[in-house]
Amino acid sequence: MNRTDNRETRRHDITEAVLRVMVRSGLHAVTMRAVATEAGVSLRLVQHYFDTKQHLMHVTLRQLAEQMAERLQTRLTGTERPRDVLQAVLAEAVPTDERSRAFHLAYTSYAVLAVTDETLAAHPFLSVPDAMEDFVTRQLTQARDEGDLAPGLDPRTEAVTLLATAAGLGIAVLAGQRTPSQATTILYGQLARLFSKVEEGPQK
């Protein structure tokens, strides 16, 4: 292993330690010392790779967002119809495993802290919902243009509603109020509503 590979491996191990601390104890428990202990390395080594806690968190959250984007892309491979695309998006919107749970927990915690912290609010991690809203709107617009969307629906409004529902259900799953299966069933039901078309009666 060359020096660059070793450096990247060290950084990866440290950011993974951040996620474990966060999932186990919450975002507030993430400190440089706690992460060093979790990763089994010295505090000095963590500080060597990451100047500040803010730098550490930024890198960790960026990597997590990239990983979740890759997961979604895998789900979307070979999928073209808007309804199928949206079903894949909704499936990824529910925390169903350790990695997706970490993502949803990190985003929710970070977003709450960003309300009162301008530095956190400027982090690109918080722009994920805006990009997803635009993406879902485009899918619904395509479905409308192809005649597959229920009549009278506005794609942007329905995208906002669908994603807000997904976000709320995601929190409910994190809190143990809903199971992933229950949340997914509800979301798929909302999707079915959007794509339900009124059948024409028999011609007279």
Packing-based ranking, highest mean first, of 147-157, 32-42 given that Cβ atoms within 10 Å are counted: 32-42, 147-157
Val23 versus Arg81: modelled label distance in nm, points set 7 Å from Cα along the beta carbon direction: 3.4
Estimated FRET transfer efficiency (Arg99, Asp148; beta-carbon r; R0 30 Å; 0.05): 0.40
Label-zone membership for the range 109-131, site Arg156, 7 angstrom Cα→C-beta point, backbone N under 16 Å: 130-131
Rounded if a/c under 1.5, otherwise prolate or oblate - the range 20-66, Cα gyration tensor axes: oblate
Sulfur and carbon atoms: percent of accessible area, the chain [1.4 Å]: 51
Solvent-accessible heavy-atom area per residue, rounded to whole Å², over the chain at 1.4 Å: 58
Euclidean distance between Cα centres, the range 1-65 to the range 99-113, Å: 16
For the range 32-100: rounded, prolate or oblate by the Cα gyration tensor [a/c cutoff 1.5]: prolate
Compactness relative to 2.2 N^0.38 Å, alpha carbon Rg of the chain: 1.23
Contour excess over end-to-end distance, with Cα ends at Ala172 and Thr37 and 0.36 nm allotted per residue: 45.5 nm
Rounded if a/c under 1.5, otherwise prolate or oblate - the range 105-204, Cα gyration tensor axes: oblate
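The values are calculated or read from the model by the stated rules, or taken from the named source; none is laboratory data. Predicted model, so just to flag it, every value in this text is computed and none were measured. Neighbour counts run over all protein chains shown; Cβ positions are idealised from the backbone, glycine included. Surface areas here come from the heavy atoms of the whole protein model, side chains and all, with no ligands, DNA or RNA. Shrake-Rupley method; radii C 1.70, N 1.55, O 1.52, S 1.80 Å.
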